[in-house]
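Below is one structure, written out as structure tokens; comments come after it.
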Amino acid sequence: METRAPYAPADLRRLLHPASIAVIGASAREGSFGLRTIRNLRGFGGAILPVNPRGGVIEGLPCHPSLAALPLVPDCAIVALGRDQVEQTLADCIAAGVGGVILYASGYAETRKPELVAMQARLAGMVAGTGTRLLGPNCLGATNYRIGARMMFGRMPEPRALDSAAIGIVTQSGSVSMALAQAMERGVAVSHAIPVGNAADVGIADLIAYLAEDEGCRAIAAVFEGVEHPRQLAQAAALAARTGKPLVIHKMAASEAGAEAALSHTGALAGDHAAYRAVLEAEGAVIVESLDAVMETARFLAKAGRPQGPRGKTGVGVVLASGGFGVAAADQAAAAGVPLPQPEGATAERLRAHVPEFGAARNPCDVTAMALNDDSAFEQSADAFLADPAYAALLVVYPYADAFGATRFEGWKRLAARHGKPIACYWASEWLEGEGVQRLEAEPGIATFRSLPRLFAAIGAWLGQGSAAGGALPPTPPAIRDAATATLRTAPDRVLAERAAKALLAPYGIPVVPERLARTAAEAVAAATALGFPVALKAESPDIPHKTEAGVIRLNLGDAASVAAAFDAVMDRALAATAADRIAGVLVQPMVPRGVEMLMGARINPAFGPLVAFGFGGVMAELLRDTALLPAPFSPAAAAAALRRLKGAALLDGFRGAPPVDIDALAGTLSRFSRFVADQAELVSEIDVNPLICLGQSVTAVDALIVRR
């Protein structure tokens, strides 16, 4: 079934930005969801229309006996009724032309009971193709602070003035939505807080797409366990990127159990959580690994705008009055890969002029405790960093929550406005809601964090925005693509062993090691003599995908006698693993000079499509897991950027005298491989090229495996 595109904002406007709201199931009974809802709607400027067959007055509002008795067709209807009344009420809303329905009732698909799953499916079918959108069931409600509409029965912060960095919150869980929205109590502006519940109709992707075009929302924070249509989510993320809305995502349920049955190394590295990250990051989303990081990161990105200065050539300046915090900041910056460039030229001169000789006129810059009596050193040093194009942002520390910070805050405020660069404030005090925190949160040029790792992770994501960009790739020549397709369609086995796999990859420009197939020891000796010693021998069989584990490889064979003996040993081990008629023979290959061992491979994710993994390979690939994952196809520029983000990237620059790897050559190979993967995604399940030996400008695929669908 083809996935629909996310709903257009106009489709959801009556549901989420209504001018009139009916509360069906309104009640004066204390504790009832209907009464809670009506009380939450205090502050909403539109029409509030309670519906109760018994009539009466609730909270000063006259009750109407039915939906049909209302003086107007409401934009949104909140249904606070039991499950047994839901279907008829929903049918009435659809017939009346209600724009959106919020359904509180639970006991549907979340129970996993077939009859209740089917009941939820009926609700979805009822609204499909109509002008009525459904939020829920099993939904807490929705809040739009732009219009003062808390359309829910749960407890949410009171409406308050928004600022230019308001965050729209989208979640599956109502409790998570309420918890995140309480950031308002410390001064964070929230434009919307919308949980989807069971998402029978309106889902996470629809809400992201809606907020991407909502003028009151500056950044989007999304938290979910999973979505039914992940490609729809990718479309919404792309829309947010096009509209310039930062999208911060925390995906719960990060288990990779789905990768356990994979045949290739790549399959074990490209599980569902990794797939979400790869595809959503490629569309511009920022993925955070903890719930704690969601609001801080979204607020920072909402305030920061785009980084000033050339991409990849700017860093962060650090000014503080504590050597200890300076060390901590440097450690965390290094862990997050955020550069702290050392000051040069005029910046260095200004620092030396204002920092005491017993301080540190460098980065991090320690102006010492002298700043307690003379704050000019702090402000002058901060100004020096912010004026320098080498610094995109400034980090400051708020170590003690009292009036001490008031004067310094005014200085930071002036500097952020003067230079148009963000100041990230590490709230180091354990008095988390101490004096000054609301003032900092409300300031448009200052973003507050309660954790240095979260602070630098957010800055790293910000500095890296757009780093994976690349131009459109030219199409594969049809003759090459069609020949590979024909071979895959007619291959006799599900697994294509090494020789057949490399024969498919080579026409795409993947350099492969030369080889000959030997069926006897004498043929192996002849092949080795022709190719040149030393050589490697490998059994060739579709039934032996992992040769090292099966013991069917022999390396560094330097003469005819060792080749003949190795042939017999390899065949014996192969025959122990499979039948003789499943063994094509033994491959004889010249030994490739030692270099950096990389892995590249692919897995066709059922939700997201073709994904390519690459990183440091060999038998340690699954143990170290130092790999990148990108949706195919991708450009050489995207591959090069991902290579630089690997933890072991220094190995590519030459290590202990080894020649550096030609990053451009490697990135080009990866990009061409991604085109093969994209071209053949309908026919392939997994691909593994491991190892890929990189030595200087040479990149050679030594072994390969393709698993057909």
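Below are the figures for this structure:
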quantity	calculated
Distance in nm between pseudo-label sites at ALA5 and ASP402 (7 Å out along the Cβ direction from Cα)	5.9
Rounded FRET efficiency, nearest 0.05, which uses the C-beta distance separating ARG39 from GLU228 and R0 of 41 Å	0.75
Acute angle (nearest 10 degrees) that the helix 230-242 long axis makes with the longest principal axis of the chain, alpha-carbon atoms	70
Size of electric dipole in segment 143-230: Cβ of Lys, Arg +1 and of Asp, Glu -1, about Cα centre, debye, nearest 20	380
Gain in span if fully extended, ARG242 to ALA334, counting 0.36 nm per residue against the direct Cα distance	30.0 nm
Ranked LEU61, LEU90, criterion: other C-beta atoms within 10 Å, fewest first	LEU61, LEU90
Relative exposure of MET178, MET295, judged by other C-beta atoms within 10 Å (fewest first)	MET178, MET295
Cα long-axis angle, helix 345-354 against the chain (0 to 90 degrees, to the nearest 10)	50
Two-site FRET efficiency, GLN182 against GLU357, from Cβ-Cβ distance with R₀ of 35 Å, rounded to 0.05	0.15
Net +/- balance of residues flanking PRO636 in space, Cβ distance below 14 Å, scoring K and R +1, D and E -1	+1
Chain lengthening between ARG54 and GLN88 when straightened (0.36 nm per residue, less Cα-Cα)	10.4 nm
Spin-label proximity, ALA68 to segment 85-108 - amide N less than 14 Å from point 7 Å beyond Cα toward beta carbon	89, 91-97
Nearest-ten-degree value, helix 86-96 long axis tilted from longest Cα axis of the chain	80
Extension reserve of the ALA28-ALA96 stretch, reckoned as 0.36 nm per residue once the Cα distance is removed	21.9 nm
DSSP-defined antiparallel bridges as percent of all bridges, the chain, nearest 5	50
Summed residue charge, Cβ within 15 Å of LEU103's Cβ, Lys/Arg positive, Asp/Glu negative	-2
Debye, to nearest 20: dipole size of the chain, +1 on Lys, Arg Cβ, -1 on Asp, Glu Cβ	960
Structure-derived Cα extents along the principal axes in Å: which label, when the choices are [x] 99, 76, 39; [y] 130, 85, 70; [z] 87, 62, 55	[x]
Neighbour count of at most 15 Cβ within 10 Å plus DSSP loop: longest chymotrypsin sites (Phe, Trp or Tyr not before Pro)-free window in the chain	1-357
Two-site FRET efficiency, ASP572 against ARG489, from Cβ-Cβ distance with R₀ of 51 Å, rounded to 0.05	0.90
Relative exposure of SER671, SER20, judged by other C-beta atoms within 10 Å (fewest first)	SER20, SER671
Among ALA417, MET370, ALA328 the positive-end extreme of the charge dipole of segment 307-463 (Cβ point charges)	ALA417
Mean residue ellipticity (222 nm) of the chain, computed from DSSP H runs ≥ 4 via -39,500 (n - 2.57), nearest 500	-10500 deg cm²/dmol
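Here, each number is a calculation from the coordinates, and none is a lab measurement. All values reported here derive from a predicted model rather than from experimental measurement. Here the Cβ is made from the backbone with ideal geometry for all residues, glycine too, and neighbour counts use every protein chain on show.
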